[in-house]
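A.B. asks: Encoded as C-alpha cells, here's the structure I'll be asking about.
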Amino acid sequence: MSLMTARASLEKFSIKDPCFLDIKTHPDWTNIFGNANTLKIEIGFGMGDFLIEMAAREPHSNFIGVDFSKSGVQSLLTKVKAYQLGNIRAVYGDARSKLSALFRDEELETIYVNFPDPWPRKRHLKRRLFNPEFVNLIAQKLGSGGHVYLATDSELYAQQMMEYFDAEPFCQNMNQPSGFLDSRKGLPKTKYEKSFIYAGEKTYYLEYSRLLIASKPENPAKKDFLKNKNTPALTDAEKQFKSNDHLLTEKFQSDEANAEDACDLKVVADSIAEAGDKKWAKKVYKKAEEKARDSLDFNWLAYSIAKTLGDTNWARSIYTKAEGKSESSLELNWLAYSIFETLDDKEWVKKLYEKAANMPGNIRELCDLADSIHETLGEVHWVKKIYHLAEKKVEEYSDCHELADVIYKKLGDKEKPRELYKKAEDRAADGSDLHSLAESIYKNFTDKKWAMNLFSKAEDKAQSSGDFCSLADSLYKNLNDKKWAFALYKKAENQAKTSCELRDFADSLCLELKDLGWARDLYVKSEGEAKFFYEFRRLAECLFKNLGDKDWAREVYKKAASKAKYTSEFNCLATSVRKNLGEEVNRILF
C-alpha cells in the first residue's frame, strides 16, 4: 500500500516530563544536563529506539531528539523513564526551525538523520528536509571535526543529499570513491532500517565531517579517477579464481565474525543457505536467535528458518518470541502476515490481527492492518470495521485523504470516500494538498466541476515555480485544459530563479507542452544560474534527453567536470557521459 507520510504540524504540544523541553531559544545545555558533555542530536527519531540505544552506549554524551510526532515524543519519554537515562532530552517541532533556535554555531558534535521522508512526488519536493539551505545550517551548527550521519532507502534522495553536502564548502565526504557507505559499523539499526535490510532492499548511508579548516582543500579526485580508470581490468581467469568456493567460504567466515547484531547474522545465514551449506547456516541462525532483540528480529529470523530450512517447529517457537516482543499494532500485523505465509496457521493469524486491532494505532497502521486482513483472510466485514475505527481517529488532511483513497480502492465504496474528501478539503494546509485532492476526485469520481474548483483554490495558494508548474502539468494531463495550463506555466516562469527551478520548468515544457523553443530559452537561463557540479551535470542530462543536443550537453558536462571535487562525482559524471553521449569522460576532461 502506498501511504501518505507525516508532516510537520504547527499545532502546539507540551507534556509534563523533566526530559521534555518546551523552549524557544538557545538554552544553557550545561545547566539542563548538569554537565558539559558533548551534544548529539537525532532529527526525526520516530519511536526513539536509535536514540535510546545511543544514549545507553554513550553515557558521557548528551542526546537531544527533535521530532514533530506527538506519539513519537511520548514513546521516547516512556522509554527514557523505563531505562532511567538521564542524558536524553526530547523536543517537539520542525527541525528546520529548531536547529537554528536551540543551538549556537559549532555547538553540536554529531547529527543523525535516519530515513527522512523522501516525498517522491514532484509537487511535494519542497517538503523534503534536505535542501542547500538546510545543509548549510547543519554545517554551521557542527563543531570542527563534528560528524553528520545520514541514512535513506530512496536512491534519488540519497543522491540529492550527497550532492548538497558535496557542494557545501565546510563538509567533507568520509567515503570515497563511491560517496556512499555499504553499512554503518558501530551504530545501532533502527527498526525501519532493519525492515529494509531484512526485505533485501537497498539502503544508502552517508557520513560527512565538519572540516577543521576554513574550507575544503584541493581534492586530487581527478587524478585518482584517471589513475583508477587506467588500472587494467581483471582477466577472466582472475575473475574465476576470485569467485571460487574457497574465497566464498572465507567471505562468509569474515561476514559472520564481523556481524554486529541479529540482523547481520540472519543476512549472512541466508547467503550461506543459498550457497548450499544448510548445516552451517543453521549454526548462524542459532547465533542470530541469541542476539535477537525485538519482534522484527525474531519475525524475520523465523521466516528464513521456515523458508530456507523448512523447520516449521523451530520457526513456530521463534514466532512465539516475536509475539512476546511486539510493541505495536504494525509489528503484530507484520507478524501475522509472516505466519500466514510460512505456517498457514489462520487461527494464530486471526488472533494476532485481533490483538493488533485492539492496540493503539494511527491511520496508517490501521489501513495497513485492514489491507493485510483483506489479503490473507478476505474478511470484508472485518476490514470495514477497521476502516470505521480508523475514521474515528481522523484529524489531519492526510488522514482524510489517505483513508478515502484506500476505502475507494479496496471496497469500491464512493459514498464514504466522498465524505472524507470533503473533510480533507476543509483541512488542506497548502496548494499541494488541494492539488493532490483534485487529482483523486477527478480520477475516482470524474467530477470535473469539483476538481476544477480545487485546482483553482490550489492556484490561489501556490507560491513557488514548482507549485505553478506541477499544477499546470496536472491540468494539462487530467483535464486537457491547455489555456489554463499555459497561464500557470507563465506564472511558473516568473517565479523561477534558481538553476534547478528553471531546469525543472523546462523539463515540464518538453514533456507536456512539447514547446522545445520555450524550453531551450529556460535551459539557457538555467545554465547561467548554475554554480555547482550537480546543477551542471543534471542540466547536461536534460539537454541530451529532452532536446537531443549532444554538443550543448558536452559543453555543460565540461563545466560539471570543472566543478567536481570528489572521486564519486567523477564516477557519476563518467556514467552519465557514457550513457548519454556514448563517450568516455576523458574526452570531456581533456
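The values are calculated or read from the model by the stated rules, or taken from the named source; none is laboratory data. Note that this is a predicted model, so its numbers are computed, not measured. Don't worry about glycine lacking a Cβ; one is built from the backbone with ideal geometry, like all the others, and counts go over all protein chains shown.
A.B. asks: Any residue at all in segment 109-117 that is buried (at least 18 other Cβ atoms within 10 Å of the Cβ) and more than 27 Å from LYS12 (Cα to Cα)?
C.D. replies: Among the residues of segment 109-117, at least one is buried (at least 18 other Cβ atoms within 10 Å of the Cβ) and more than 27 Å from LYS12 (Cα to Cα), which makes the answer yes.
A.B. asks: State yes or no: is ASP297 crowded, with 23+ Cβ neighbours inside 10 Å and touching a residue at least 60 places away in the same chain (Cβ under 8 Å)? If you could, list the steps in order and put the result at the bottom.
C.D. replies: Values: crowded, with 23+ Cβ neighbours inside 10 Å: yes; touching a residue at least 60 places away in the same chain (Cβ under 8 Å): yes.
So ASP297 passes the test.
A.B. asks: Restricting the search to segment 130-146, which residues are of a type in the set (D, E, K, R) and either surrounded by fewer than 20 Cβ atoms within 10 Å (Cβ to Cβ) or touching a Ser or Thr at 6+ places or on another chain (Cβ under 6 Å) (or both)? Talk me through it step by step, then tell me what you get.
C.D. replies: So in segment 130-146, the residues of a type in the set (D, E, K, R) come out as 133, 141.
Of everything in segment 130-146, just one residue is of a type in the set (D, E, K, R) and either surrounded by fewer than 20 Cβ atoms within 10 Å (Cβ to Cβ) or touching a Ser or Thr at 6+ places or on another chain (Cβ under 6 Å) (or both), namely GLU133.
A.B. asks: Residues to consider are GLN159, GLN176, GLN172; find the one that is polar (S, T, N, Q) and part of a helix (DSSP H, G or I).
C.D. replies: It is GLN159.
A.B. asks: In the same structural domain as ASP426 (by TED's automatic domain parsing), out of contact with any Gly (no Cβ under 8 Å at 6 or more places or on another chain) and crowded, with 19+ Cβ neighbours inside 10 Å: which single residue out of ILE407, ILE363, ILE386 fits that description?
C.D. replies: Values: ILE363 fails: in the same structural domain as ASP426 (by TED's automatic domain parsing); ILE386 fails: in the same structural domain as ASP426 (by TED's automatic domain parsing).
After ruling out the rest, the residue left standing is ILE407.
A.B. asks: Something else about it: When residues of segment 417-432 are filtered for being at pLDDT 95 or above, of a type in the set (Asp, Glu) and either in contact with a helix residue (DSSP H, G or I) (Cβ under 7 Å, 6 or more places away or on another chain) or surrounded by 23 or more Cβ atoms within 10 Å (Cβ to Cβ) (or both), how many remain?
C.D. replies: So the count comes out to 1.
A.B. asks: Which of the residues spanning segment 81-122 are of a type in the set (D, E, K, R), out of contact with any Leu (no Cβ under 8 Å at 6 or more places or on another chain) and farther than 27 Å from GLN172 by Cα? Can you show your working first?
C.D. replies: Narrowing segment 81-122 to residues of a type in the set (D, E, K, R): 81, 89, 94, 96, 98, 104-107, 109, 117, 121-122.
Checking which are out of contact with any Leu (no Cβ under 8 Å at 6 or more places or on another chain) leaves us with 81, 94, 98, 104-105, 121-122.
Listed by number, the residues that qualify are LYS81, ARG121, LYS122.
A.B. asks: Kindly establish whether ARG96 is at pLDDT below 95, of a type in the set (Lys, Arg) and not in a loop (DSSP other than H, G, I, E, B). Let's see the steps before the verdict.
C.D. replies: Details: at pLDDT below 95: yes; of a type in the set (Lys, Arg): yes; not in a loop (DSSP other than H, G, I, E, B): yes.
Considered against the rule, which asks whether it is at pLDDT below 95, of a type in the set (Lys, Arg) and not in a loop (DSSP other than H, G, I, E, B), ARG96 comes out as yes.
A.B. asks: Could I ask something else about it? Just need a number here: residues in segment 421-478 that are of a type in the set (Asp, Glu) and over 18 Å from LYS490 (Cβ atoms).
C.D. replies: Step one: filter segment 421-478 for residues of a type in the set (Asp, Glu), giving 425-426, 430, 433, 439, 447, 459-460, 467, 473.
Subset that is over 18 Å from LYS490 (Cβ atoms): 425-426, 430, 433, 439, 447.
Residues flagged as of a type in the set (Asp, Glu) and over 18 Å from LYS490 (Cβ atoms) within segment 421-478 amount to 6.
A.B. asks: For segment 404-416, what are the residues that are in a helix (DSSP H, G or I) and either touching a helix residue (DSSP H, G or I) at 6+ places or on another chain (Cβ under 8 Å) or at positive phi (or both)?
C.D. replies: Step one: list which residues in segment 404-416 are in a helix (DSSP H, G or I), which gives 404-411, 415-416.
ALA404, ASP405, VAL406, ILE407, TYR408, LYS410, LEU411, LYS416, listed by residue number.
A.B. asks: Another question, then. Anything in segment 21-49 that is under 22 Å from GLY143 (Cα atoms) and part of a helix (DSSP H, G or I)? List them, or say none. Before you say what the answer is, go through the steps one by one.
C.D. replies: Initial filter on segment 21-49 (under 22 Å from GLY143 (Cα atoms)): 24-45.
Passing the criteria: TRP29, THR30, ASN31, ILE32, PHE33.
A.B. asks: Take ALA496 and decide whether it is modelled with pLDDT of 95 or more, buried (at least 20 other Cβ atoms within 10 Å of the Cβ) and under 18 Å from ASP467 (Cα atoms). Lay out the reasoning, then the answer.
C.D. replies: On the way: modelled with pLDDT of 95 or more: yes; buried (at least 20 other Cβ atoms within 10 Å of the Cβ): yes; under 18 Å from ASP467 (Cα atoms): yes.
So ALA496 fits the description; yes.
A.B. asks: Let me ask something else. Could you say which residue among ALA288, ALA281, ALA275 is among the hydrophobic types (A, V, I, L, M, F, W, C), under 30 Å from GLY186 (Cα atoms) and at pLDDT below 95?
C.D. replies: Numbers: ALA288 fails: at pLDDT below 95; ALA281 fails: at pLDDT below 95.
Matching residue, one of ALA288, ALA281, ALA275: ALA275.
A.B. asks: Check every one of the helices (runs of 4 or more DSSP H) wholly within segment 484-560 and list those with 1 or more residues that are under 30 Å from the mean Cα position of the chain (by Cα) and touching a residue at least 60 places away in the same chain (Cβ under 8 Å). Explain how you work it out, then say what you get.
C.D. replies: Values: elements: 499-508, 516-529, 533-542.
Correct list: 499-508, 533-542.
A.B. asks: Of all the residues that make up segment 396-427, how many are closer than 14 Å to ALA451 by Cα and small (Gly, Ala, Ser)?
C.D. replies: Residues flagged as closer than 14 Å to ALA451 by Cα and small (Gly, Ala, Ser) within segment 396-427 amount to 1.
A.B. asks: Could you please let me know if SER326 is closer than 25 Å to ASP261 by Cβ, among the polar types (S, T, N, Q), at pLDDT 95 or above and touching a helix residue (DSSP H, G or I) at 6+ places or on another chain (Cβ under 7 Å)?
C.D. replies: Working: closer than 25 Å to ASP261 by Cβ: yes; among the polar types (S, T, N, Q): yes; at pLDDT 95 or above: yes; touching a helix residue (DSSP H, G or I) at 6+ places or on another chain (Cβ under 7 Å): yes.
When the stated conditions are applied, SER326 passes them.
A.B. asks: Return the residues of segment 64-91 that are surrounded by 20 or more Cβ atoms within 10 Å (Cβ to Cβ), in contact (Cβ under 8 Å) with a residue 40 or more places away in the chain and assigned to a helix (DSSP H, G or I); say none if nothing qualifies.
C.D. replies: Those that are surrounded by 20 or more Cβ atoms within 10 Å (Cβ to Cβ), in contact (Cβ under 8 Å) with a residue 40 or more places away in the chain and assigned to a helix (DSSP H, G or I): VAL73, LEU77, VAL80.
A.B. asks: What is the number of the single condition among (1) of a type outside the set (Lys, Arg); (2) modelled with pLDDT under 95; (3) surrounded by fewer than 18 Cβ atoms within 10 Å (Cβ to Cβ) that GLU512 does not meet?
C.D. replies: Exception for GLU512: condition (3).
A.B. asks: If you don't mind, there's one more thing I want to ask. Kindly establish whether ASP413 is surrounded by fewer than 16 Cβ atoms within 10 Å (Cβ to Cβ) and of a type outside the set (A, V, I, L, M).
C.D. replies: Numbers: surrounded by fewer than 16 Cβ atoms within 10 Å (Cβ to Cβ): yes; of a type outside the set (A, V, I, L, M): yes.
Against the criterion (surrounded by fewer than 16 Cβ atoms within 10 Å (Cβ to Cβ) and of a type outside the set (A, V, I, L, M)), ASP413 qualifies.
A.B. asks: Shifting gears a bit: If a residue must be under 12 Å from LYS122 (Cβ atoms) and in a loop (DSSP other than H, G, I, E, B), how many such residues does segment 465-483 contain?
C.D. replies: 0
A.B. asks: Another one. So, in segment 561-590, exactly how many residues are of a type in the set (A, V, I, L, M, F, W, C), buried (at least 18 other Cβ atoms within 10 Å of the Cβ) and not in a helix (DSSP H, G or I)?
C.D. replies: Within segment 561-590, residues that are of a type in the set (A, V, I, L, M, F, W, C), buried (at least 18 other Cβ atoms within 10 Å of the Cβ) and not in a helix (DSSP H, G or I) number 2.
A.B. asks: Restricting attention to segment 147-167, does a residue exist that is among the β-branched types (Val, Ile, Thr) and surrounded by fewer than 22 Cβ atoms within 10 Å (Cβ to Cβ)?
C.D. replies: Here is the first cut: in segment 147-167, the residues among the β-branched types (Val, Ile, Thr) are 148, 152.
This time we only want the ones that are surrounded by fewer than 22 Cβ atoms within 10 Å (Cβ to Cβ), so: none.
Checking segment 147-167: not a single residue is among the β-branched types (Val, Ile, Thr) and surrounded by fewer than 22 Cβ atoms within 10 Å (Cβ to Cβ).
A.B. asks: Before we move on, is SER372 closer than 21 Å to ILE441 by Cα and polar (S, T, N, Q)?
C.D. replies: Numbers: closer than 21 Å to ILE441 by Cα: no; polar (S, T, N, Q): yes.
No, not satisfied.
A.B. asks: Moving on. Can you work out which of the residues in segment 393-403 that are part of a helix (DSSP H, G or I) and of a type in the set (Asp, Glu) is surrounded by the most Cβ atoms within 10 Å (Cβ to Cβ)? It would help to see each step written out before you state the result.
C.D. replies: Keep residues of segment 393-403 that are part of a helix (DSSP H, G or I), which gives 397-403.
Still in the list and also of a type in the set (Asp, Glu): 399, 402.
Values: ASP399: 22, GLU402: 24.
Step by step, filter segment 393-403, then rank; the result is GLU402.
A.B. asks: Right, something else. If you go through segment 33-53 one residue at a time, how many are among the hydrophobic types (A, V, I, L, M, F, W, C), farther than 16 Å from PRO116 by Cβ and touching a strand residue (DSSP E or B) at 6+ places or on another chain (Cβ under 6 Å)? Steps first, answer last, please.
C.D. replies: Kept after step one, since they are among the hydrophobic types (A, V, I, L, M, F, W, C), are these residues of segment 33-53: 33, 36, 39, 41, 43, 45, 47, 50-52.
In the following step, the residues that additionally are farther than 16 Å from PRO116 by Cβ were identified as 33, 36, 39, 52.
Add one more test, that the residue is touching a strand residue (DSSP E or B) at 6+ places or on another chain (Cβ under 6 Å), and what stays is 33, 39.
The number of residues fulfilling the criteria is 2.
A.B. asks: For SER215, work out the one condition from (1) in a loop (DSSP other than H, G, I, E, B); (2) more than 22 Å from ILE138 (Cα to Cα); (3) at pLDDT below 75; (4) of a type outside the set (A, V, I, L, M, F, W, C) it doesn't fulfil.
C.D. replies: (2)
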